[in-house]
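Worksheet: one structure, shown below.
The values are calculated or read from the model by the stated rules, or taken from the named source; none is laboratory data. Just so it is clear, the model here is predicted, and its values are computed rather than measured. We place every Cβ from the backbone using ideal geometry, glycine too, and count neighbours over all the protein chains shown. Protein only, heavy atoms only, side chains kept; ligands, DNA and RNA dropped before computing areas. Shrake-Rupley method; radii C 1.70, N 1.55, O 1.52, S 1.80 Å.
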Amino acid sequence: MNSDKAAITLSLPATFASIFIFNPLFATLVSSLGSIIGDVLSRREWFKTMFNFSQYVITVGLASLSFNFIFSLQGREYPLLSGFSAVTVAGLVYFLLNSFLVSAITALVSKNRILDTFLFMFRRNEILFQFISMFILGGLFAYILKTEPLAMILLMPLLVAVYYSFKRLSEVEEAAEKFMEVIAGIVDGFDKYTKEHSENVAKICEKVANEMKLNLVEKRKLIMAAKVHDFGKIAVPQRILNKRGKLTKEEYEKIKEHPVIGADLIGKFPYLKDISTIVKYHHKKLDGSGYPENGISKIPLEAKILTVCDIFEALTSERPYRNAWTKEEAIRYLEENESKFDKEVVRALKELFKRGEV
């Protein structure tokens, strides 16, 4: 894994093999130099190169020391300990140290809690499975290098196949996230009166999420949903969206369809199921009013936050049919309608307003 994100690289099996074959000093030297060469060739920023070099020195060095210490105990005080124990301990040391260091630097930059960042990195099982697979391959590399070095040639296709299968999974998620960004741009360009509205709502949502101390997974879902919450408006005729006067009953009914339409489209992506639920209910109020009209037993917290932030941003923005409200007026409106909006969310937004952060 590296400092950019929780990701698996082809160099991991070689790193693990060096831990099992060489002494701690040489294993650390080989891995850290390999890290520098790889970062230089990929033109990575110098501070990321230095971080990767430092974390290789720490993780490989301590993992190798752990491996050699446990392995040296065989046949002495603890005869039941085997090479398997040494390998397992070394793997755990490397995994935990690497994850902690990446989480710590990411949390420092993003101003999140380290534990939240750590859990977010492994929000799905793919990373852990990838790590275990590469770890096992590293063990095979070490064994074959010690017994039949030429057989390494046969393992290379397997390594490449495993790597690209995992890389494909990562690309699917990245493609879904990029699709979300494209959606946000389409929506902003489709409705000239709400241009940049989604991005502004997302910024307010992020601040409210920080104020309410949401964990990183919840915050990420909220921000992504905020950016595309009006996607369903692409199914609404522009003559309705851009109408300067009061909407007719039929036109308003058409507008009310956009949360469900947007949620249905977004929900077709497996990675975005949770996002689609937030989008679907961002116009649903706590007292049952709003839309869609079908009931829901429990509105997700992220949807409650999005509802408040969406209304706040809309009220404080100019519209063709009314002037912008002041922020004080918008906060007062949210407080006076406490049966419709989550009190904790409104309170968090008000605190941000008092501090001049929104």
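Restricted to the range 317-350, and to residues there that are farther than 20 Å from M212 by Cβ and among the basic types (K, R), the residue that is most open to solvent (accessible area, probe 1.4 Å) is R332. Restricting the range 237-268 to residues that are in contact (Cβ under 8 Å) with a residue 40 or more places away in the chain and assigned to a helix (DSSP H, G or I), the residue that is surrounded by the most Cβ atoms within 10 Å (Cβ to Cβ) is I266. Only residues that are modelled with pLDDT of 80 or more and surrounded by fewer than 17 Cβ atoms within 10 Å (Cβ to Cβ): list them for the range 30-39, please. Of everything in the range 30-39, those that are modelled with pLDDT of 80 or more and surrounded by fewer than 17 Cβ atoms within 10 Å (Cβ to Cβ) turn out to be L33, I36, I37.
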